1. What number of residues within the stretch 65-77 are surrounded by 13 or more Cβ atoms within 10 Å (Cβ to Cβ) and farther than 23 Å from Pro88 by Cβ?
2. For the stretch 84-93, which positions are surrounded by fewer than 17 Cβ atoms within 10 Å (Cβ to Cβ) and part of a helix (DSSP H, G or I)?
3. Among (1) open to solvent by 40 Å² or more (accessible area, probe 1.4 Å); (2) part of a loop (DSSP other than H, G, I, E, B), which single condition is Arg37 missing?
4. As an exercise: evaluate Ala68 against (1) touching a residue at least 12 places away in the same chain (Cβ under 8 Å); (2) part of a helix (DSSP H, G or I) and give the number of the one condition it does not meet.
5. Return a yes/no flag: does the stretch 45-61 have any residue that is open to solvent by 80 Å² or more (accessible area, probe 1.4 Å), of a type in the set (A, V, I, L, M, F, W, C) and either at pLDDT 60 or above or not in a helix (DSSP H, G or I) (or both).
6. Output the number of residues of the stretch 3-44 satisfying the condition of being over 11 Å from the mean Cα position of the chain (by Cα), of a type in the set (Ser, Thr, Tyr), modelled with pLDDT of 65 or more and farther than 15 Å from Leu77 by Cβ.
Amino acid sequence: MSLLRSPPTAGPADSVRPHSLPPRDASATDDREYARRVLKRFMSLAYRRLATDDEVAEKLKLFDLARAEQSSLSQALKTPLVAVLVSPNFLYL
(Lines give C-alpha, C1' and ligand atoms only; values in the text may rest on other atoms or scores of the structure.)
Protein backbone atom coordinates (compact mmCIF):
# COMPACT_ATOMS: atom_id res chain seq x y z
CA MET A 1 0.00 0.00 0.00
CA SER A 2 1.36 3.36 -1.03
CA LEU A 3 1.38 6.20 1.44
CA LEU A 4 1.19 8.73 -1.37
CA ARG A 5 -2.05 9.18 -3.20
CA SER A 6 -2.60 10.64 -6.59
CA PRO A 7 -4.56 13.87 -6.57
CA PRO A 8 -8.09 13.61 -7.94
CA THR A 9 -8.22 14.18 -11.66
CA ALA A 10 -11.92 14.86 -12.15
CA GLY A 11 -13.02 18.45 -12.38
CA PRO A 12 -13.81 21.33 -14.69
CA ALA A 13 -10.45 21.06 -16.45
CA ASP A 14 -11.47 17.62 -17.71
CA SER A 15 -14.69 18.85 -19.25
CA VAL A 16 -13.51 22.20 -20.62
CA ARG A 17 -10.52 22.02 -22.92
CA PRO A 18 -9.09 25.31 -24.17
CA HIS A 19 -8.73 25.68 -27.91
CA SER A 20 -5.57 26.99 -29.44
CA LEU A 21 -7.56 29.51 -31.48
CA PRO A 22 -11.08 30.82 -31.02
CA PRO A 23 -13.66 29.61 -33.51
CA ARG A 24 -13.87 31.61 -36.70
CA ASP A 25 -17.22 33.32 -37.10
CA ALA A 26 -18.94 34.15 -40.35
CA SER A 27 -18.16 37.87 -40.07
CA ALA A 28 -14.39 37.24 -40.38
CA THR A 29 -14.24 37.12 -44.15
CA ASP A 30 -10.50 36.79 -44.60
CA ASP A 31 -7.46 35.56 -42.70
CA ARG A 32 -6.18 39.03 -41.89
CA GLU A 33 -9.47 40.14 -40.33
CA TYR A 34 -9.59 36.95 -38.28
CA ALA A 35 -5.98 37.51 -37.18
CA ARG A 36 -6.80 41.10 -36.21
CA ARG A 37 -9.66 39.92 -33.99
CA VAL A 38 -7.57 37.19 -32.38
CA LEU A 39 -4.70 39.58 -31.74
CA LYS A 40 -6.92 42.35 -30.36
CA ARG A 41 -8.50 39.98 -27.85
CA PHE A 42 -5.25 38.24 -26.92
CA MET A 43 -3.31 41.48 -26.55
CA SER A 44 -6.02 43.06 -24.40
CA LEU A 45 -5.93 40.06 -22.07
CA ALA A 46 -2.13 39.89 -22.02
CA TYR A 47 -1.66 43.62 -21.45
CA ARG A 48 -4.48 43.74 -18.87
CA ARG A 49 -5.96 46.72 -20.72
CA LEU A 50 -7.57 47.37 -24.08
CA ALA A 51 -4.95 47.08 -26.83
CA THR A 52 -4.78 50.14 -29.03
CA ASP A 53 -5.41 49.97 -32.76
CA ASP A 54 -1.78 51.03 -33.38
CA GLU A 55 -0.47 48.18 -31.23
CA VAL A 56 -2.65 45.68 -33.06
CA ALA A 57 -1.57 47.09 -36.44
CA GLU A 58 2.08 46.62 -35.44
CA LYS A 59 1.49 42.95 -34.64
CA LEU A 60 -0.54 42.52 -37.84
CA LYS A 61 2.58 43.49 -39.79
CA LEU A 62 4.33 40.53 -38.17
CA PHE A 63 1.38 38.34 -39.11
CA ASP A 64 1.57 39.52 -42.73
CA LEU A 65 5.28 38.66 -42.92
CA ALA A 66 4.74 35.25 -41.34
CA ARG A 67 1.68 34.51 -43.49
CA ALA A 68 3.73 35.06 -46.65
CA GLU A 69 6.09 32.29 -45.46
CA GLN A 70 3.65 29.94 -43.70
CA SER A 71 1.00 27.83 -45.34
CA SER A 72 -1.02 27.53 -42.14
CA LEU A 73 -3.00 30.36 -40.56
CA SER A 74 -2.34 29.03 -37.07
CA GLN A 75 1.41 28.83 -37.75
CA ALA A 76 1.43 32.41 -39.06
CA LEU A 77 -0.41 33.62 -35.95
CA LYS A 78 2.28 32.21 -33.68
CA THR A 79 4.77 34.92 -34.65
CA PRO A 80 2.74 37.92 -33.43
CA LEU A 81 1.44 35.97 -30.41
CA VAL A 82 5.00 35.24 -29.29
CA ALA A 83 5.88 38.91 -29.84
CA VAL A 84 3.05 39.86 -27.47
CA LEU A 85 4.36 37.48 -24.81
CA VAL A 86 7.84 39.01 -24.88
CA SER A 87 6.55 42.58 -24.99
CA PRO A 88 7.29 44.90 -22.04
CA ASN A 89 3.53 45.55 -21.94
CA PHE A 90 3.03 41.91 -20.94
CA LEU A 91 6.11 41.30 -18.81
CA TYR A 92 6.44 42.75 -15.34
CA LEU A 93 9.92 44.26 -15.42
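1. Residues that pass the stated criteria total 4.
2. Result: Leu85, single match.
3. (2)
4. (1)
5. Yes, the stretch 45-61 contains a residue that is open to solvent by 80 Å² or more (accessible area, probe 1.4 Å), of a type in the set (A, V, I, L, M, F, W, C) and either at pLDDT 60 or above or not in a helix (DSSP H, G or I) (or both).
6. Number satisfying all stated conditions: 1.
The values are calculated or read from the model by the stated rules, or taken from the named source; none is laboratory data. These numbers come from a predicted model, not from an experiment. Cβ sites come from the backbone with ideal geometry, for glycine too, and all protein chains shown count toward neighbours. Accessible surface is based on the protein model in full, side chains and every heavy atom, while ligands, DNA and RNA are left aside. Shrake-Rupley method; radii C 1.70, N 1.55, O 1.52, S 1.80 Å.
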